[in-house]
Amino acid sequence: MQKLNPDAYYKSIFTINIENLKESDIKGIIVDIDNTIVPWNDKKISDEVFNWFKNLIKEGFRLCLISNGMTKRVEYFSNQLDIPAIGTAVKPRKKAFRKALKILGLKKEKVAVIGDQIFTDVLGGNRMGFMTILVDPLNKDEFITTKIMRFIEKIVFNRGMYHD
Ligand SMILES: [Mg+2]
């Protein structure tokens, strides 16, 4: 059960406290794509998201995208943002996270994972020994399977308790 708890929870990527990450000696960030930086059914990357990544690079963080989405879609975001990416990742399995760790070239203690799902991003990140950061999903209109997972998520981690 502990592996399902994120180390930090924010409403969106934009409210994540970057200074806290630095104080925790985080040097690399693995970022989920669908419903974390864009709605799962969308391809348009907002200026805010572009600037958010730009700022992270400016602050010296190494970045990698990792998504369970199809490789072709993931490559699109990789090219647009000019950040390495791994698609068809089968999170929470470790394989893709290990690959991301290799790309970042860092020790696991220096890496944080940001994502919107407990059973893929948080569980996978915790299994790897990364810092895990949960954000709210951008689009609530999801597949029925995801909706069922959201219901189960509520049982293990009540986001509502942390909302303002
Ligand atoms: Mg996601």
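The values are calculated or read from the model by the stated rules, or taken from the named source; none is laboratory data. Since this is a predicted model, take the numbers as computed values, not measurements. Backbone-built Cβ (ideal geometry, glycine too); neighbour counts: all protein chains shown. For the accessible areas, the whole protein counts, side chains as well, though only heavy atoms, and no ligand, DNA or RNA atoms are used. Shrake-Rupley method; radii C 1.70, N 1.55, O 1.52, S 1.80 Å.
Against the condition within 13 Å of the ligand (Cβ to nearest atom), crowded, with 22+ Cβ neighbours inside 10 Å and within 15 Å of Ala89 (Cβ to Cβ), how does Val122 come out, does it pass? I'd like the intermediate steps shown before the answer.
Details: within 13 Å of the ligand (Cβ to nearest atom): yes; crowded, with 22+ Cβ neighbours inside 10 Å: yes; within 15 Å of Ala89 (Cβ to Cβ): yes.
So Val122 passes the test.
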### Tabulated pairs, region 106-132, first closer than 15 Å to Ala8 by Cα and free of Cβ contacts under 8 Å to residues at least 24 places away in the same chain, second in a helix (DSSP H, G or I) and more than 11 Å from the ligand (Cβ to nearest atom), C-beta under 9 angstrom, 6+ apart or interchain
Gly129/Lys108; Gly129/Glu109
### Query
Quick one: what pairs do we get from region 21-36, first residue under 17 Å from Leu123 (Cβ atoms), second open to solvent by 10 Å² or more (accessible area, probe 1.4 Å) and more than 16 Å from the ligand (Cβ to nearest atom), C-beta under 6 Å, 6+ apart or different chains?
none
### Message
Checking Lys107 against (1) modelled with pLDDT of 95 or more; (2) within 12 Å of the chain's Cα centre (by Cα): exactly one of these is not met. Which one?
### Response
(2)
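Residues Ile133, Ile103, Ile148, Ile114: which one is closer than 19 Å to Phe61 by Cβ, more than 13 Å from the ligand (Cβ to nearest atom) and among the β-branched types (Val, Ile, Thr)?
Numbers: Ile133 fails: more than 13 Å from the ligand (Cβ to nearest atom); Ile148 fails: closer than 19 Å to Phe61 by Cβ; Ile114 fails: more than 13 Å from the ligand (Cβ to nearest atom).
The match here is Ile103.
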